[in-house]
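Peer 1: Below is a structure I'd like to ask you about.
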Amino acid sequence: MKANLIKSKWESIVNDDVKMNKYLRYMHKGKALLFSIFKGVILSGIAFIILGPIISIVSNSFFSPTDVYNPSVFLFPLEPHLGNYKLAAMRLDYFKTLLNSLIYVAGVTLIQIFITSMAGYGFARFDFPFKKLLFACVVITIILPTHTIMLPLYRHFRSWDVLGLISLFRGEPLNLLQSQTPMYILSLFASGLRSGLYIYIFRQFFRGLPKEIEEAALIDGAGTFYTYFRIMLVNAMPAVLTVGIFSMVWQYNDMFYVQLFTMPMDKNLTFRLSTIQSTISFVDRVKDPLISQLYVYAGVVLALLPILIFYLFLQRYFMEGLERSGIVG
Amino acid sequence: MKNKGLTLSQKRSITGLLFILPWLIGFLVFYLRSLIQTVSFSLSRIEFAETGGYTSTFIGLENFRYALFEHADFNQILVNSLVDILIDVPFIIFFSLFIAILLNSRFKGRGLVRAIYFLPILLGSGAVAQTLELATQNIQGGAAAMVQEMTPASGVNMDIIIDVFLDLGLPIRLIDYVEGLVSRIYEIVRASSIQIVIFLAALQSISPALYEVSKIEGATTYETFWKITFPIVSPLILTNVVYTIVDSFVNSEVVRIAYETAFSSYNYGLSSAMSVLSTVMVCIVLTVICVMISKKTFYHN
C-alpha cells in the first residue's frame, strides 16, 4: 500500500519533469526560431539596401528608350537591347582605357605592397631611436585628411625638382602634372593613397608572426633582406592579399588624386566615366537626361565589371586576410 | 676591426631604419613639408606670376577671418558637416556592431551574405559611388520611380507614420533624428562596412570557452553580451569612431569647398585656411571623443 503510494507519487513527479522539460524545449526552440526569423529579415533587408541600386542599374542598362517612358515597365525591360552598352563602350573607348587603367592600378599596387610592407616590417621587428614617435607619425598620416596637403602637393609636382638637380640640367623644373608619374612617386615613398593604413596592417601582421622563423633563417645564414623577402613576405600572404585588394580597388575608384594631378582621360576608366553623360549628350545629341542616363548605367556596369569579377574570385582570401591581418589592433 | 665597434643592437637599428627609409623620406618631403606649407599659405596672400611661380605676402590671420566671418557659406558648411558627423557616428557604431554580431553566428549561406555586406567597401568611394548615389535617388529605377511619385497609390507613405508617432507624443527631436537616419539609410550602410569587418574580426577573436562557462553558470544572453562581448569589443569602438569621423570628413562638403576655392577661384590662401580650419576641427573632435571613450574602455592585455 505504502510502496504503491510512493510509486505513484514518484511517477507523477517524473511525469511533471518530463512535461516541464518538453515545455522548456519548445520554449527554447520557439525562441531560436523567432530569433532566426528576425535575423533573416534584418540581414536580407539590409542586403537589399546594398544590392538594390546595383540591381536597378543593371536592369536599367538594358532598357530601350521606349521602356523608359512605359509606366508598366519595372525592372524587366520589354524590349531589352544592348545598344546602351555598345555606345557607352565606344564613348569610353572601353578596352583600351580599361587596359591602361589596369596597368596603372597594378603598378601602383605592386609598389605600395612592397614599400609599405618594408616599413611595416621595420616598425614591427627592429628597435631604433624615436620609434614610437615615428610610428605616431604613421598614425597621423592615416588620420590627416589628404585635402589638407593637396595644394603643396599640387605645387610640388607642378615644378618637380630633386635637390635642384633637374633645373641644373634642364634649365627649368619638370612639370609632372597631366601624367600618372606623381602617383607612382608618391607610392614609391609610401605616401600614396592610404599608405599609412597599409603600413599599419603590415606592422600588426608581422608582430603576430613568431620570431623563431627569422632566427632559424638567420642561423642558416640568410641576410636580413633575404629573410624579409623570401621568408617573411611569403608568410605574410594574407596581409599582402588584403592590402593588394584594398589598394587595387581604392586606386581604381580614386577620383581625388586623378583630379588633383589632372591625369589624362584615356588612362583612367572611372574618371572617364564621370563625364560620359555630357559626352553622349553632346556628341550623340541625346539631350533627354532620362535616356542619356541609360548610357551612364551601362557605363557604370562596364566599369564595375572588372572589380566584381576580381572580388568574386578573391573574396574568400580577402575575408580571411581581413580577419587574420589584425586590422584589429 | 672591420666593424668599428658597432654593437649588434646598433646594427639592427640601422637595418630597421633602412627598412623604413622610403616611408621616412616620403613623410618628410610630402607630408611634413606640405603641412608646413599649407599653414604658411593660410597665413599669406598668394599671387601668381606668369611663369608659374608665385609671390606670397604675409597677412596674418586675415584668411581665417574671411573664411569664418565673411565667406558666404563656409562656416555654415563646416558646422553642418560637423553636426552630421556627430549625429551619424553613434548610429553607425551601434549598427555595425549589431550587424557584426548577426553575421558572426552560424547560418546557411553565411559566405554569400558576408560577401554582399563587404561589397560597399569596394564600391563605397570615388567615381562609381558618385554615380551609384545618383541612381539611389531613384532606387526603383529612373522613370518608373517618377511615375510612382506622381501617383502615390502604392508604397509606404512616410507622412502617415510620422503623424502616428507625433500623436503618440514622442518628442519631435527624436522623430526628426530617426527620420533623418531612415532617409539616409543607404549612406549609413555604405559608411559602416569597414566597421562591420573590424567588429567581426574582434568577435571572432573571443574564445568560445568564455561563452560556454557563462552558459553553464546560467547567464542570460543579455548578460553575456554586456559582460563578455561588449568589454572585449570596446577597444575597437574607439578605433571605429576614429575611422568613421575621419572617413566622413574626407567625403564631406568642406573638402569640396576647399577644393573649389583652390582650383576654380585660385584663392590658395583662403583654401589653405579652410583646410587648416577643418583639420583643426577634426582634431579637436577626435581628441574630445577619444578622451571620453578611452576612460570607459577595457583593455584585457
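Peer 1: Put +1 on the Cβ of each Lys and Arg and -1 on the Cβ of each Asp and Glu in the protein assembly as shown; which of B:L82, A:M118, B:Y259 then has its Cα farthest toward the positive end of the dipole?
Peer 2: A:M118
Peer 1: Amide H neighbours of A:L174 under 5 Å, at least 5 residues apart or on other chains, H built in the peptide plane: list them.
Peer 2: A:W160
Peer 1: Treating the beta-carbon of each Lys and Arg as +1 and of each Asp and Glu as -1, no other charges, what is the dipole magnitude of chain A about its Cα centre, to the nearest 20 debye?
Peer 2: Using Cβ point charges on Lys, Arg, Asp and Glu, chain A gives about 1080 debye.
Peer 1: Okay, moving on. Report, in debye and to the nearest 20, how large the dipole of the range A:93-274 comes out about its Cα centre when Lys and Arg carry +1 and Asp and Glu carry -1 on their Cβ.
Peer 2: In debye, rounded to 20, the range A:93-274 gives about 280.
Peer 1: Can you compute the radius of gyration and Dmax for the protein assembly as shown, using only the Cα atoms, both in Å?
Peer 2: Computed over the Cα atoms of the protein assembly as shown, radius of gyration and Dmax are 28.8, 121 Å.
Peer 1: Mind checking the alpha-carbon convex hull of chain A and giving the volume per residue in Å³?
Peer 2: Taking only Cα atoms, chain A has a hull volume of 275 Å³ per residue.
Peer 1: Quick one: which residues, 5+ away or cross-chain, put their amide H under 5 Å from the amide H of A:H81? H built at 1.01 Å from N.
Peer 2: So A:H81 has HN proximity to A:S64.
Peer 1: Amide H neighbours of B:S44 under 5 Å, counting only residues 5+ apart in sequence or on other chains, H built in-plane at 1.01 Å?
Peer 2: B:I59
Peer 1: Mean 1/r over all different Cα pairs, inverted: what Kirkwood radius does the range A:183-329 give, in Å?
Peer 2: Value: 18.4 Å, from the Cα pair sum.
Peer 1: How many partner chain Cβ atoms sit within 10 Å of a residue's Cβ in peptide B:29-42, on average, as a whole number?
Peer 2: Counting Cβ atoms of other protein chains within 10 Å of each residue's Cβ and averaging gives 5.
Peer 1: Taking the Cβ of each residue in A:H147, A:H81, A:H156 as the centre, tally the other Cβ atoms inside 10 Å and list the residues starting with the fewest.
Peer 2: In increasing order of surrounding Cβ atoms, one gets A:H81, A:H156, A:H147.
Peer 1: Ignore the peptide's own chain and count Cβ atoms of other chains within 10 Å of each Cβ in A:187-196; give me the average, rounded.
Peer 2: 4
Peer 1: Within 10 Å of each residue's Cβ, count the other Cβ atoms and sort B:E179, A:E172 from fewest upward.
Peer 2: A:E172, B:E179
Peer 1: Now for a different question. Could you compute Rg(Cα) / (2.2 N^0.38 Å) for the range A:93-274, with N its residue count?
Peer 2: 1.17
Peer 1: Taking neighbour counts of Cβ atoms within 10 Å as a proxy for exposure, in what order, fewest first, do B:Y31, B:Y66 appear?
Peer 2: The order, fewest Cβ neighbours first, is B:Y66, B:Y31.
Peer 1: Report the dimensions of the range B:228-270 along its three principal axes from the alpha-carbon atoms, largest first, rounded to Å.
Peer 2: Taking max minus min along each principal axis of the Cα atoms, the range B:228-270 gives 55, 15, 8 Å.
Peer 1: Helix check for chain A. Which DSSP H runs span at least 15 Å along their own axis by Cα, with a mean Kyte-Doolittle hydropathy no less than 1.6?
Peer 2: Helices passing the filter in chain A: A:131-143.
Peer 1: Starting from the Cα of A:K29, draw a straight line to each of the lysines and keep only those under 19 Å, dropping any in the same chain fewer than 8 residues away.
Peer 2: List returned: A:K19, A:K39, B:K108, B:K215.
Peer 1: Pairs of alpha-carbon atoms within less than 8 angstrom and 6+ residues apart define the contacts here; what relative contact order does chain A have, in percent?
Peer 2: Worked out over chain A, it gives 27 percent.
Peer 1: Using packing as a proxy for protection, rank B:214-223, A:126-135, A:60-69 so that the peptide with the highest average count of other Cβ atoms within 10 Å comes first.
Peer 2: A:60-69, A:126-135, B:214-223
Peer 1: Have a look at A:N235, A:L177, A:M150 and report the one farthest towards the positive end of the charge dipole of the range A:93-274, computed about the Cα centre with Cβ charges (Lys/Arg +1, Asp/Glu -1).
Peer 2: In the range A:93-274, that residue is A:M150.
Peer 1: Using the Cα atoms of the range A:42-129 to build a convex hull, what is its mean projected area in square nanometres?
Peer 2: Projected over every direction and averaged, the Cα hull of the range A:42-129 covers 11.3 nm².
Peer 1: Could I ask something else about it? Name the residue farthest towards the positive end of the dipole of chain A from the options A:L209, A:S167, A:T97, assuming +1 on Cβ of Lys and Arg, -1 on Cβ of Asp and Glu, about the Cα centre.
Peer 2: So the residue furthest toward the plus end is A:L209.
Peer 1: So what's the range A:87-199 giving for Cα Rg divided by 2.2 N^0.38 Å, two decimals?
Peer 2: Computed over Cα atoms of the range A:87-199, the ratio equals 1.33.
Peer 1: If you take the C-alpha gyration tensor of the range A:2-60, multiply each eigenvalue by 5 and take the square root, what semi-axes do you get, largest first, in whole Å?
Peer 2: So the three semi-axes of the range A:2-60 are 56, 6, 4 Å.
Peer 1: Using every alpha carbon pair in the range A:190-235, what percent of pairs falls into each 10 Å bin from 0 up to the bin containing the largest distance?
Peer 2: 25, 44, 25, 6
Peer 1: A further question follows. Might you report the magnitude of the Cβ-based charge dipole of the protein assembly as shown about its Cα centre, with Lys and Arg at +1 and Asp and Glu at -1, to the nearest 20 debye?
Peer 2: With Lys and Arg at +1 and Asp and Glu at -1, about 2380 debye.
The numbers here are math on the coordinates, done by the rules we state, and not lab data. Remember, it's a predicted structure, so these values are computed and weren't measured experimentally. No Cβ is skipped: glycine too gets one built from the backbone with ideal geometry, and neighbour counts run over all protein chains shown.
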